[in-house]
Amino acid sequence: MSRVTGPHVRGFTWFIYPDQASPGAFDGDNPFGVDPLEDETTAPGVEVFWAIPELEKAVYNRALGRTYLALTENHHPPKVLDGWTVEAARVKEDCALDQRGGRWVALLRVIEQHETPEGPLMECEFEIDRF
């Protein structure tokens with residue numbers, strides 16, 4: 001059951017980044033092997049995902065290389081390609097991400113925080129400019 005409703009999407013937030021210790025971690029453009037501008041909703045188990053622009057301050061998580069924010073329908077982390085790492089995302093209250101082509105996504109609200117062995121997992125609702 002999709003939780004995408006018009007210009008809004010709801011899900012559990014995940015920060016995904018290249019694993020510095022893995023050979024070839026920077027070879028793939030994204031952790032799902034799809035084009036995020038055309039297939040941002042087709043990654044298995046992922047409602048939607050977005051690239052996090054370099055030097056972006058809307059997300060507390062940090063890593064070198066191309067990073068992503070992904071939403072899943074449930075509390076399970078998304079499956080990613082070899083060379084990528086997934087952790088619970090920590091988004092700021094004023095989270096807004098600019099995307100290529102004049103697109104954007106902004107946090108509307110944090111629905112709930114779920115405690116996990118790895119730390120708090122945020123369930124959030126975002127507004128997007130187009131789908």
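Numerical summary
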quantity	calculated
Given (1) modelled with pLDDT under 90; (2) more than 17 Å from V9 (Cβ to Cβ); (3) of a type in the set (A, V, I, L, M); (4) outside any loop (DSSP other than H, G, I, E, B), index of the condition V86 fails	(1)
Matching option when the condition is under 12 Å from the mean Cα position of the chain (by Cα), in a loop (DSSP other than H, G, I, E, B) and modelled with pLDDT of 90 or more, among P78, P31	P78
Complete set of residues in the range 112-126 that are part of a strand (DSSP E or B), loosely packed, with under 13 Cβ neighbours inside 10 Å and out of contact with any His (no Cβ under 9 Å at 6 or more places or on another chain)	E112, E115, G119
Scan of the range 66-108 for residues that are exposed (fewer than 13 other Cβ atoms within 10 Å of the Cβ) and either of a type in the set (D, E, K, R) or on the phi > 0 side of the Ramachandran plot (or both), ordered by number	D82, K92, E93, D94, R100, G101, G102
Cβ-Cβ under 7 Å pairs, at least 6 apart or on other chains, the range 1-29 side surrounded by 15 or more Cβ atoms within 10 Å (Cβ to Cβ), far side modelled with pLDDT under 70 and of a type in the set (D, E, K, R)	V9/R3; R10/R3; G11/R3
Flag for E54 being in contact with a Lys or Arg (Cβ under 9 Å, 6 or more places away or on another chain), modelled with pLDDT of 85 or more and acidic (D, E)	no
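The values are calculated or read from the model by the stated rules, or taken from the named source; none is laboratory data. Everything numeric here is computed off the predicted structure, so don't read it as measured data. A quick note on method: Cβ atoms are made from the backbone with ideal geometry, for glycine too, and the neighbour counts reach across all protein chains shown.
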